[in-house]
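For reference, the structure discussed in these notes is given below.
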Amino acid sequence: MQRTEKQDIYTRITNQIVSHLEKGVRPWVRPWNAEHAAGRITRPLRHNRKPYSGINVLSLWASAMAQNFAAPIWMTFKQASELDAHIRKGEKGSLVVYADSITRKETDEKTGDEIDREIPFLKGYTVFNVEQIDGLAEVYYAKAAPALDPVARVEHAEKFFAALGAAIRHGGNRAFYSIAADAIQMPPFESFQDADSYYATLAHECTHWTGSKTRLDRDFGGHRFGSEGYAVEELVAELGAAFLCSDLELNLEPREDHASYIATWLRVLAADNRAVFTAAAHAQRAAEFINHKATEAAAQVTTTCAA
């Protein structure tokens with residue numbers, strides 16, 4: 001029964017992502033929650049404002065897009081009840097997953113000794129967006145203040161990427177990560193339509209940068225443009241950029257040069273209903289790696305200045 005539920009969870013979430021991709025829509029490009037006070041752009045948040053991660057980010061972004069939710073906050077039926085609120089009649093919840101493991105005693109076939117075997121499992125549960133719930137405190141529904149001028153450089157994003165320590169070069173009209181040079185090439189800042197587009201593109205290339213053998217050593221076995229391995233790496237980079245832009249409160253605009261990957265992603269997901277889980281996990285690791293490096297570098301600067 002547990003195995004069937006696990007397979008069903010993989011299939012349900014994969015089908016949710018596929019349904020958007022089939023319409024030419026990437027559910028990780030999210031303009032809908034710009035209206036909410038919890039953040040101009042944000043990852044989905046639990047009732048206690050802690051962010052979701054990995055595949056749950058994609059699943060809840062897709063649910064928010066499908067139902068046109070502006071609020072990024074989600075909670076279970078029980079959590080809403082504990083806040084003296086209630087789910088409106090007829091509202092349909094959204095699936096999130098929880099990964100854990102259990103330990104079982106088994107007998108080793110070779111030695112006859114009793115050993116502990118760890119068995120991983122995936123369990124799903126249902127959450128509701130706060131826009132589906134009545135009776136919550138006003139802070140859960142609050143609207144955002146007007147955004148700042150979109151063409152100005154964003155100071156916290158400038159400091160974040162500078163602290164990362166990646167070799168970032170500017171010039172030309174293409175953005176890419178060079179494995180041979182271990183460097184990111186970016187067009188000039190002024191050539192982008194707005195600041196957020198520049199940082200979103202930089203976040204994408206920084207995610208590629210994490211795949212180096214000296215960092216996360218990520219390799220899907222395809223370095224040829226147009227191959228499935230190449231497309232999967234691009235999916236990881238897109239999701240990594242989406243996660244980073246969410247953390248930095250930046251808008252993520254869809255890159256037109258990546259629209260051609262959608263057909264390949266659909267083929268990959270049709271062949272393997274765990275592929276999007278794998279891509280999301282790699283993107284989560286890349287975002288965590290980048291956040292850690294940037295935060296660590298910034299802390300060293302602060303310590304040096306204090307000394």
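No value in this document is a laboratory result; all are computed from the given coordinates. Owing to the predicted nature of the structure, the values given are computational and were not obtained by experimental measurement.
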Note, the range 156-163: 3J(HN,Hα) by Karplus (6.51, -1.76, 1.60, θ = phi - 60°), whole Hz, Gly/Pro = x, goes 5, 6, 4, 5, 4, 6, 5, 6
Please go through the residue pairs Lys92/Lys123; Lys50/Lys293; Lys78/Lys105; Lys78/Lys123; Lys123/Lys143; Lys50/Lys105 and name each one whose alpha carbons sit more than 29 Å apart in this structure.
Lys78/Lys105; Lys123/Lys143; Lys50/Lys105
